[in-house]
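Here the structure is laid out as structure tokens; the discussion comes afterwards.
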Amino acid sequence: MKKMWAVLVLVLAVGLMGCSEQRTTTEQAQTPTSTFGLETMVTYYEPYPIAFYNTFYELGEPDITFEIKNPTDGPITVRLSSEYQGYSNPAIATVTIMPGETKIINQTIPLIKEKIEQIKTKTKFSLHYRIEYEENGQWKVWDEQTVMIDAYPMDTMVWAWRDDEGNWWPLYDYIAVFVTPKDPSIQDLLAVAKEYATDDFGPYSDYGLYRSLPGYQYQGDSDEEWTIYTALHVMAIYNALQDAGMSYVNTPIAFGKDAVQKVKLPKETLETLSGNCIDGAVLFASAIEALGMHPYIVIVPGHAFVAWEVRPGSGIINALETTMIGSASFEEAWEYGNQELQQYWDALQDDDPWNGVIIDIEACREDGILPIE
């Protein structure tokens, strides 16, 4: 065992892709209205991936956009409201538009968590909006509509959207919402994993890790030492899950255009002790992030696996093939993961996201892509 640990399996220096802050949209439905009093256009966005709702609020991404022009020679005060009937509280804004002025008002509709958690399959939201104007101290309705919006439940990942010009935009970064380091089940997993940080499994004492997983608290100087030090953390998690009976379930993976897919939260994967490649990558990324380390999820055509930075700020990462947990040792899964990383390296570094991407979970957090819970 110790002889194996003296060998550096693979180290790759990387220039990593961060997370995009742009929310793209599918079809935009526009309702223009024009008379002598107002010129209005309403744009709403669909589908709605409910798993992203915390991030939408954090980033201020709109569910609906009102464009209001006042062509008159006097100011007009308007009140704009929108809601997903039965699933949200209303968003309301009151603005005054000066003569000849055009204002664009975005609204992010506040969903009711208890309501959306009850949605278990693709459904329809009734988006209701109203434009009112003030006249002689009273509000009068200018435009009022209800439109149907596709919504996907909280366990569903939307991998790509199409904009109103027919262009596809990947949403791979949003997989970070399923990475939940603060979930109690992750803390329970790490408590068990610490018991696997003993010299029966690897050189834990040599690295000050005996029954301890402190993350990046290491004083070593060499990248080789850091590589083994951080791998020992991941190995403890791997061995704990393997002994618990964790297994790989071969279910279809649909990364790419026009694709939606169920993704298990880590607590669900731990409950069932089974998952596909993306479930396993999300679970390990959650545990690695909970340790204060820097995880990545690597997505290549038809597959996903987890990776981590071996030394903070180094840009050097190692990878693990989590689907091998039911049939192989950590050392084998670690070596295979690094081989995959090397195999796809050129595709991961080119400008075409459909060839593969490295999702930097830390960068996603900085950009406001938050855990779903």
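Taking the longest Cα principal axis of the chain as reference, the axis of helix 277-290 is set at about 80 degrees. Using a simple spin-label model with pseudo-atoms 7 Å out from Cα toward Cβ, GLU332 and GLU366 lie 3.8 nm apart. Round to the nearest 10 and give me the degree value, 0 to 90, for the angle of helix 223-244's Cα axis relative to the longest principal axis of the chain. That works out to roughly 80 degrees.
Rolling a 1.4 Å probe across the protein heavy atoms gives segment 156-236 an accessible surface of 41 Å² per residue.
Give me the percent of DSSP beta bridges within the chain that run antiparallel, rounded to the nearest 5. Bridges in the chain are about 95 percent antiparallel. Structure remark: mean-square fluctuation, Gaussian network model of the chain, C-alpha springs under 10 Å; the largest value among PHE305, PHE66, PHE201 belongs to PHE201. What is the helix-to-structure angle for 330-343, meaning the angle in degrees between its Cα long axis and the longest Cα principal axis of the chain, kept from 0 to 90 and rounded to the nearest 10? For 330-343 against the chain, the angle is about 60 degrees. Springs between Cα atoms under 10 Å define the GNM used for the chain, and in it the highest mean-square fluctuation of SER314, SER185, SER247 occurs at SER314. Only protein heavy atoms count here; on that basis, with a 1.4 Å probe, VAL263 has an accessible area of about 0 Å².
With +1 assigned to the C-beta of every Lys and Arg and -1 to the C-beta of every Asp and Glu, and no other charges, what is the dipole magnitude of segment 253-373 about the Cα centre in debye, to the nearest 20? All intermediate terms of the calculation are to be shown ahead of the outcome.
On the way: 6 positive and 20 negative charges, 65 e Å.
Dipole of segment 253-373, to the nearest 20 debye: 320 debye.
Using a cut-off of 32 Å between Cα atoms, the listed pairs LYS124/LYS267; LYS113/LYS194; LYS69/LYS120 include LYS113/LYS194; LYS69/LYS120 as exceeding that distance. Net charge in the neighbourhood of PRO71 (other residues with Cβ under 10 Å of its Cβ; Lys, Arg +1, Asp, Glu -1) is -2.
In the Gaussian network model of the chain, springs joining C-alpha atoms below 10 Å, which of ILE317, ILE97, ILE131 carries the largest mean-square fluctuation? Residue with maximal mean-square fluctuation among ILE317, ILE97, ILE131: ILE97.
By the equivalent-ellipsoid construction on the alpha carbon gyration tensor, the chain comes out with semi-axes of 48, 19, 18 Å, ordered largest to smallest. In the calculated pair-distance distribution of segment 310-356, the portion above 16 angstrom amounts to 51 percent of the Cα-Cα pairs. Within the accessible area of the chain, the carbon and sulfur atoms contribute 46%, probe 1.4 Å, all protein chains present.
Inverting the pair-averaged 1/r between distinct Cα atoms of segment 283-345 gives 11.9 Å as its Kirkwood hydrodynamic radius.
Tell me the net charge near GLU332. Cut-off is 15 Å between Cβ atoms, GLU332 excluded, with +1 for each Lys or Arg and -1 for each Asp or Glu. Overall, the nearby charge balance is -4. Around the Cα centre of segment 29-162, unit charges on the Cβ atoms of Lys, Arg, Asp and Glu (plus for the first two, minus for the last two) sum to a dipole of about 320 debye.
The values are calculated or read from the model by the stated rules, or taken from the named source; none is laboratory data. Source: prediction; values computed, not measured. Backbone-built Cβ (ideal geometry, glycine too); neighbour counts: all protein chains shown. Quick note on the areas: whole protein, heavy atoms, side chains included, nothing else; ligands and nucleic acids left out. Shrake-Rupley method; radii C 1.70, N 1.55, O 1.52, S 1.80 Å.
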